[in-house]
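These notes are about the structure you will find just below.
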Amino acid sequence: DVQQEMLNAISRRVQREGLANVRPVLGRGADPRLPEGTLDVVLIVDAYHEIEDRVTLLANLARALKPQGRIGVI
């Protein structure tokens, strides 16, 4: 499946670059499947336009962030 292939490609790049603080996660729709209050940064690249319920997604992402965390959408 395309999503898993992309996740695998990102995982390989993270490993190749030695990025110990990056963990790719495949969310589903407005559920990012991220642990609450644990992340410094969430980066969404070339996927935001695919999300049907963006408001719920952003609210769920905000819950996953630490107090000074940031969300980036490219």
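If the condition is being over 10 Å from the mean Cα position of the chain (by Cα) and part of a loop (DSSP other than H, G, I, E, B), then the range 37-46 contributes Gly37, Thr38, Asp46. Looking across the range 1-36 at every residue that is hydrophobic (A, V, I, L, M, F, W, C), over 14 Å from the mean Cα position of the chain (by Cα) and not in a helix (DSSP H, G or I), the one that is surrounded by the most Cβ atoms within 10 Å (Cβ to Cβ) is identified as Leu19.
Annotation note: Cβ proximity below 6 Å between a residue of the range 6-27 that is under 23 Å from Ala59 (Cβ atoms) and a residue that is assigned to a loop (DSSP other than H, G, I, E, B) and of a type in the set (D, E, K, R) (sequence gap 6+ or interchain) occurs for Val25/Arg33; Gly27/Arg33. Contact map, the range 29-55: first residue within 15 Å of Ile10 (Cβ to Cβ), second residue open to solvent by 100 Å² or more (accessible area, probe 1.4 Å) and part of a loop (DSSP other than H, G, I, E, B), Cβ cut-off under 6 Å, separation 6 or more or different chains; pairs are Val45/Ile74.
The values are calculated or read from the model by the stated rules, or taken from the named source; none is laboratory data. Keep in mind that what you see is a predicted model, and the values were worked out from it rather than measured. Virtual Cβ from ideal backbone geometry, glycine too; neighbours counted across all protein chains shown. For the accessible areas, the whole protein counts, side chains as well, though only heavy atoms, and no ligand, DNA or RNA atoms are used. Shrake-Rupley method; radii C 1.70, N 1.55, O 1.52, S 1.80 Å.
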